[in-house]
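The values are calculated or read from the model by the stated rules, or taken from the named source; none is laboratory data. Computed from a predicted structure; not experimentally measured. Note: ideal-geometry Cβ built from the backbone for every residue, glycine included; neighbour counts use all protein chains shown.
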Amino acid sequence: MSSDFDQRLNQILGRITADDFLKGRGLGNEIPFYAFDYPPEQELAVREQIVFLLAQIPKQRPELRIAHVNLFSLIIETLKARGFYDKALAKQRQQGDQALLKALAAPLDAGKLAAALVEQTEPASKDLVLVSGIGSAYPLLRTHNLLNNLHAVMGSTPLVLFYPGRYDGQSLRLFGILQDKPYYRAFRLVD
């Protein structure tokens, strides 16, 4: 791992447990969405960091109510709950990836997944929501679509997105190469 990347990882815990961060101070009236962007090849290190964060936050700030959701797991759970999971696997085997993506477009609509995320995390009763699994969820879900659908339902609860790619404050580039639509409503978690 690069020392710059290590330094960025080491800043996360202090940043997300700070009162100013949790209360949205300094944001004006902006939505408290943050992206921790990272090189995709560092995925395993980020997963380990999330496990570390989930263990350390209660030790440092036991009063904080935190939720974590893995988007890929959320997609699987959503498909299973609606009775589509086994059908989706069969469709992919029989007709391929493109047919599957077309068939899942409606069941995995970003608005429906945003509602499922809110139901699972209950942001109104949380101090912080962490979201991972973005790379695994692609191409079933586009990040900017999910975030746009979460604006109205997250309230003032900070959301931290662990994003395998680049976020420059104006656009998301999944895996550092796939251009998403411009998204201006999030802040970089750490530089």
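Conditions first: (1) closer than 18 Å to A67 by Cβ; (2) in contact with a helix residue (DSSP H, G or I) (Cβ under 9 Å, 6 or more places away or on another chain). S125 passes all but one, so which condition is the exception?
The failed condition is (2).
Which condition does L64 not pass, out of (1) surrounded by fewer than 12 Cβ atoms within 10 Å (Cβ to Cβ); (2) part of a loop (DSSP other than H, G, I, E, B), if it passes all the others?
If we test L64 against (1) surrounded by fewer than 12 Cβ atoms within 10 Å (Cβ to Cβ); (2) part of a loop (DSSP other than H, G, I, E, B), just (1) comes out false.
Take G83 and decide whether it is at pLDDT below 95 and under 22 Å from E122 (Cα atoms).
Against the criterion (at pLDDT below 95 and under 22 Å from E122 (Cα atoms)), G83 does not qualify.
If I ask for residues that are farther than 30 Å from A152 by Cβ, touching a residue at least 24 places away in the same chain (Cβ under 8 Å) and among the hydrophobic types (A, V, I, L, M, F, W, C), which ones from the stretch 29-51 would you list?
Matches in the stretch 29-51: A45 only.
Hey, among the residues in the stretch 67-89 that are among the small types (G, A, S) and touching a residue at least 12 places away in the same chain (Cβ under 8 Å), which one's surrounded by the fewest Cβ atoms within 10 Å (Cβ to Cβ)?
Ranking the qualifying residues of the stretch 67-89, first place goes to S73.
Return the residues of the stretch 1-28 that are part of a loop (DSSP other than H, G, I, E, B) and at pLDDT 90 or above; say none if nothing qualifies.
Just the residues of the stretch 1-28 that are part of a loop (DSSP other than H, G, I, E, B), to begin with: 1-2, 17-18, 23-28.
T17, A18, listed by residue number.
Looking only at the stretch 66-95, which residues are of a type in the set (F, W, Y) and within 27 Å of I16 (Cα to Cα)?
Listed by number, the list holds a single entry, F72.
Among (1) more than 23 Å from Q120 (Cα to Cα); (2) touching a strand residue (DSSP E or B) at 6+ places or on another chain (Cβ under 7 Å), where does R93 come up short?
With respect to (1) more than 23 Å from Q120 (Cα to Cα); (2) touching a strand residue (DSSP E or B) at 6+ places or on another chain (Cβ under 7 Å), R93 is out only on (2).
Anything in the stretch 58-85 that is in contact with a helix residue (DSSP H, G or I) (Cβ under 7 Å, 6 or more places away or on another chain) and more than 28 Å from L140 (Cβ to Cβ)? List them, or say none.
L64, R65
Tell me yes or no: at least one residue of the stretch 171-183 is in contact with a helix residue (DSSP H, G or I) (Cβ under 6 Å, 6 or more places away or on another chain) and under 30 Å from A55 (Cβ atoms). Before you say what the answer is, go through the steps one by one.
Initially, the stretch 171-183 is screened for residues in contact with a helix residue (DSSP H, G or I) (Cβ under 6 Å, 6 or more places away or on another chain), giving 172, 175, 180-181, 183.
Filter once more, keeping what is under 30 Å from A55 (Cβ atoms): 172, 175.
There is at least one residue in the stretch 171-183 that is in contact with a helix residue (DSSP H, G or I) (Cβ under 6 Å, 6 or more places away or on another chain) and under 30 Å from A55 (Cβ atoms).
Give, as residue ranges, the strands (runs of 3 or more DSSP E) completely inside the stretch 96-178 that count at least 1 residues that are touching a residue at least 12 places away in the same chain (Cβ under 8 Å), closer than 20 Å to L22 by Cβ and over 16 Å from the mean Cα position of the chain (by Cα).
Strands (runs of 3 or more DSSP E) meeting the threshold: none at all.
G111 - would you say it is surrounded by fewer than 15 Cβ atoms within 10 Å (Cβ to Cβ) and either of a type in the set (A, V, I, L, M, F, W, C) or touching a helix residue (DSSP H, G or I) at 6+ places or on another chain (Cβ under 6 Å) (or both)? Walk me through how you get there before you give the answer.
Numbers: surrounded by fewer than 15 Cβ atoms within 10 Å (Cβ to Cβ): yes; either of a type in the set (A, V, I, L, M, F, W, C) or touching a helix residue (DSSP H, G or I) at 6+ places or on another chain (Cβ under 6 Å) (or both): yes.
Spelling it out, G111 is indeed surrounded by fewer than 15 Cβ atoms within 10 Å (Cβ to Cβ) and either of a type in the set (A, V, I, L, M, F, W, C) or touching a helix residue (DSSP H, G or I) at 6+ places or on another chain (Cβ under 6 Å) (or both).
Consider F187 carefully, then state whether it is under 30 Å from E63 (Cα atoms), in contact with an Asp or Glu (Cβ under 8 Å, 6 or more places away or on another chain) and in a strand (DSSP E or B).
Yes: the conditions hold for F187.
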